[in-house]
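Since every read-out is calculated from the coordinates, none of them should be taken as a lab result. Just so it is clear, the structure is predicted and the values come from calculations on it, not from any experiment. Counting neighbours? That spans all protein chains shown, and the Cβs are built from the backbone with ideal geometry, glycine included.
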Amino acid sequence: QTGEVRFSLNGKWAFKTDPNNTGEQEKWFAENYTASGWENMEVPGNWDTHNEYAHFSGKGWYRRTVEVPQNWQGKTVQLHFE
């Protein structure tokens, strides 16, 4: 597309497994939630390649704060995941 700008979100993200399914109830997704004690996980990546998560089955949460350019205000922004 003409005028398309790409902004990579690759890199270290905060990551935590949710074996007790409490993340939604505790609002781990909320902007003001502090992800202290979370591990840094490389994205793109696969938690199965880490020994401590190799046999985990359940939800995993990723968090990252991103500041987008000011000139994006009022524009359509799309996230693409592979």
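Descriptive notes on the structure:
- Largest mean-square fluctuation among N51, N32, N71, in a Gaussian network model of the chain whose springs join Cα atoms under 10 Å apart, belongs to N71.
- Farthest toward the positive end of the dipole of region 7-82, out of Y62, N20, A30, is the Cα of A30, where the dipole comes from beta carbon charges about the Cα centre.
- Volume in Å³ per residue [convex hull over Cα atoms, computed for the chain]: 131
- Charge dipole (Cα centre; +1 on Lys/Arg Cβ, -1 on Asp/Glu Cβ; no other charges) of the chain amounts to roughly 220 debye.
- Inter-label distance, Q78 to F7: 1.6 nm, where each label sits 7 Å from its Cα along the C-beta direction.
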